[in-house]
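The numbers here are math on the coordinates, done by the rules we state, and not lab data. What you see is a predicted model; the values in this text were computed from it and never measured. Cβ sites come from the backbone with ideal geometry, for glycine too, and all protein chains shown count toward neighbours.
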Amino acid sequence: MSRIQRIRQKIIDRDYFVSSHVEDEMLDDELERADIENAIFNDELKRN
């Protein structure tokens, strides 16, 4: 199983933690948890 498949499975299982720092960043960017999850499932991730 690839890394992205494992991450997606964690989301499906609700087996992950969002740190307070990430929550703060999401608030600053007006994002919700569902926005992040959808981006992961729809391959909308940017790589640096």
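Odds and ends about this structure:
- About its Cα centre, the dipole of the chain is roughly 520 debye, where the only charges are +1 on Lys and Arg Cβ and -1 on Asp and Glu Cβ.
- Positive-end ranking of I12, S2, I36 along the dipole of the chain, with charges on Cβ about the Cα centre, is headed by S2.
- Loop sites here are GluC sites (Glu not before Pro) outside DSSP states H, G, I, E and B with no more than 12 other Cβ atoms within 10 Å. The longest part of the chain free of them is 1-29.
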